[in-house]
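**Q** To start, I am sharing the structure in question, which I have written as structure tokens.
The values are calculated or read from the model by the stated rules, or taken from the named source; none is laboratory data. Remember, predicted model here, so these are calculated numbers, not experimental data. Here the Cβ positions follow ideal geometry from the backbone for every residue, glycine too, while neighbour counts run over all protein chains shown.
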Amino acid sequence: MSTSSSFPPKRPIDVAKAAIHGERLSGVADIRDFPRLLDALDDRASASNVTWQAVFQNRLVAGADQQVWLHLEGSAHVPLTCQRCLEVMTQSLTLDLEFRFLPTEADALAQDDDCEEDLLALETPLDLGLLLEDELLMALPLVASHDSCPTAPVFSVADADFPVEPKAVNPFQALAGLKEPPPKA
Ligand SMILES: [Zn+2]
């Protein structure tokens with residue numbers, strides 16, 4: 001049981017303080033620590049770990065108060081079901097996000113439409129793990145599909161130019177083929 005998993009700290013982060021110190025946190029977290037993300041996946045066993053980094057900073061802005069920012073990066077490879085061929089596919093998730101912190105939720109709501117970056121409030125202690133999982137969930141494609149599916153779609157043999165010799169298959173043999181034991185999980 002030696003896991004080197006490094007989930008973001010569970011204690012809420014005092015963002016203003018972290019920004020003063022220019023705090024930089026990073027780790028490689030076990031995907032099993034992200035239950036909501038796991039629920040959205042296909043073959044859970046093949047999901048990768050989640051590599052993440054969070055950098056807090058105070059930024060000086062001309063003519064304005066110093067601003068508190070978080071640069072959040074993350075990446076993972078997750079198995080999803082291709083909606084075209086229904087096989088499992090691997091999707092890369094990559095986060096590269098900027099958050100600006102305002103004193104209160106009300107401030108953040110008031111400015112939300114005017115800026116590109118996401119706004120969060122300093123008055124709410126930051127749960128970095130929750131934020132990371134939220135963002136990974138939002139990075140999932142609405143409809144997952146291979147760039148090009150490994151299994152070619154099956155068309156009618158009538159479309160083929162070449163003669164097709166159907167193989168005579170004993171129906172009992174065919175059934176037996178279907179009864180292979182499922183792969184061990
Ligand atoms: Zn596919």
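**Q** Can you go through ALA54, ALA64, ALA110, ALA47 and tell me which one is more than 16 Å from the ligand (Cβ to nearest atom), within 27 Å of THR151 (Cα to Cα) and of a type outside the set (Val, Ile, Thr)?
**A** Numbers: ALA54 fails: within 27 Å of THR151 (Cα to Cα); ALA64 fails: within 27 Å of THR151 (Cα to Cα); ALA110 fails: within 27 Å of THR151 (Cα to Cα).
One residue alone meets the criteria, ALA47.
**Q** Test LEU131 against the criterion of being of a type in the set (A, V, I, L, M), under 21 Å from the mean Cα position of the chain (by Cα), surrounded by 14 or more Cβ atoms within 10 Å (Cβ to Cβ) and at pLDDT 95 or above, and give yes or no. I'd like the intermediate steps shown before the answer.
**A** On the way: of a type in the set (A, V, I, L, M): yes; under 21 Å from the mean Cα position of the chain (by Cα): yes; surrounded by 14 or more Cβ atoms within 10 Å (Cβ to Cβ): yes; at pLDDT 95 or above: yes.
Taking the combined requirement at face value, the residue satisfies it.
**Q** Being within 16 Å of the ligand (Cβ to nearest atom) and touching a residue at least 40 places away in the same chain (Cβ under 8 Å) is the filter here; which residues of region 73-102 pass it?
**A** VAL78, LEU80, THR81, CYS82, GLN83, ARG84, CYS85, GLU87, VAL88, MET89, THR90, GLN91
**Q** On the basis of being of a type in the set (Val, Ile, Thr) and in a loop (DSSP other than H, G, I, E, B), does THR90 make the cut?
**A** Working: of a type in the set (Val, Ile, Thr): yes; in a loop (DSSP other than H, G, I, E, B): no.
Spelling it out, it is not the case that THR90 is of a type in the set (Val, Ile, Thr) and in a loop (DSSP other than H, G, I, E, B).
**Q** Scan LEU142, LEU137 and give me the residue that is in a loop (DSSP other than H, G, I, E, B), among the aliphatic types (A, V, I, L, M) and surrounded by fewer than 17 Cβ atoms within 10 Å (Cβ to Cβ). Working first, answer last.
**A** Details: LEU137 fails: in a loop (DSSP other than H, G, I, E, B).
When all the criteria are applied, what remains is LEU142.
**Q** Also: So is PHE155 farther than 25 Å from GLU73 by Cβ, at pLDDT below 75 and in a loop (DSSP other than H, G, I, E, B) or not? Steps first, please.
**A** On the way: farther than 25 Å from GLU73 by Cβ: yes; at pLDDT below 75: yes; in a loop (DSSP other than H, G, I, E, B): yes.
Yes: the conditions hold for PHE155.
**Q** Could I ask something else about it? Counting only residues that are among the hydrophobic types (A, V, I, L, M, F, W, C) and surrounded by 17 or more Cβ atoms within 10 Å (Cβ to Cβ), which one in region 85-96 is farthest from LEU72 (Cα to Cα)?
**A** Within region 85-96, the first condition is being among the hydrophobic types (A, V, I, L, M, F, W, C), and the residues that meet it are 85-86, 88-89, 93, 95.
Next, only the ones that are surrounded by 17 or more Cβ atoms within 10 Å (Cβ to Cβ) stay: 89, 93, 95.
Working: MET89: 26, LEU93: 13, LEU95: 7 Å.
So, considering only residues that are among the hydrophobic types (A, V, I, L, M, F, W, C) and surrounded by 17 or more Cβ atoms within 10 Å (Cβ to Cβ), the one farthest from LEU72 (Cα to Cα) is MET89.
**Q** Quickly run through region 74-108 and pick out the residues that are charged (D, E, K, R) and within 16 Å of ASP118 (Cα to Cα). I'd like the intermediate steps shown before the answer.
**A** As a first pass, look at region 74-108 and keep what is charged (D, E, K, R): 84, 87, 96, 98, 100, 105, 107.
Passing the criteria: ASP96, GLU98, ARG100, GLU105, ASP107.
**Q** Looking at this structure, is LEU70 modelled with pLDDT of 95 or more and either surrounded by 14 or more Cβ atoms within 10 Å (Cβ to Cβ) or in contact with a strand residue (DSSP E or B) (Cβ under 9 Å, 6 or more places away or on another chain) (or both)?
**A** On the way: modelled with pLDDT of 95 or more: yes; either surrounded by 14 or more Cβ atoms within 10 Å (Cβ to Cβ) or in contact with a strand residue (DSSP E or B) (Cβ under 9 Å, 6 or more places away or on another chain) (or both): yes.
So LEU70 fits the description; yes.
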